[in-house]
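Beneath this line is the structure, given in structure tokens, with notes to follow.
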Amino acid sequence: MNIRRIAFAIILIVLSSAVTFGWYRYVAHPVPVACRYCARPLHSNLMVTAEIGGKRAEACCARCAISEANQEHKPLRLITVHDYRSGHAISPAGAWFVEGGSAVSCDHDAMPMNEMKGTDAMAFDRCTPSTFAFAERKDADTFADRNGGSVLSFAQLMSEARYQ
Ligand SMILES: [Zn+2]
């Protein structure tokens, strides 16, 4: 009798938390504020929507998504990137990317983050080399002239994702 009650209570708790989670996840659609892969804050002019191994998520920058896909040995698709200049969502296929250079894309208070998502000396950072997306080639060129780095096409950028 007592065990039945306890079992019933447990089932009720599990069900209600599942419903709450489901509501939050699928109905409330919370706007993500942090990168799914590294938990750094999302910036409107840097964030990307990526699909890694078929799972879609928001990432802080294209580089972080490439790092994640390579670490997980999974194929990467970039769904949406944002023009660094305007913050507009653009299709990555027609975008230009500035890689490397002196500008740091991910705001991390000069605290580097290593492969294991811990802090470390500046040897590896999952968001480095910085990768900025631009809708217009001339904006990418201007940015690269100012900060260094090289201008890449989408195909060139995606060739860095190793498990396609
Ligand atoms: Zn990230």
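Being at pLDDT below 95 and part of a loop (DSSP other than H, G, I, E, B) is the requirement here; does A121 meet it?
Values: at pLDDT below 95: yes; part of a loop (DSSP other than H, G, I, E, B): yes.
Judged against the criteria, A121 is a match.
I'm told S91 meets every condition in (1) away from the ligand (no atom under 16 Å from the Cβ); (2) surrounded by 15 or more Cβ atoms within 10 Å (Cβ to Cβ) except one. Can you identify the failing condition by its number?
Unmet for S91, out of (1) away from the ligand (no atom under 16 Å from the Cβ); (2) surrounded by 15 or more Cβ atoms within 10 Å (Cβ to Cβ): (2).
Taking the stretch 27-79 as the search range and keeping residues that are crowded, with 16+ Cβ neighbours inside 10 Å and of a type in the set (S, T, Y), which one is farthest from the ligand (Cβ to nearest atom)?
Among them, the one singled out is T49.
The values are calculated or read from the model by the stated rules, or taken from the named source; none is laboratory data. If you're wondering where the values come from, they're calculated on a predicted model, not measured in any experiment. Using ideal geometry, Cβ is built from the backbone for each residue, glycine included, and neighbour counts are taken over all protein chains shown.
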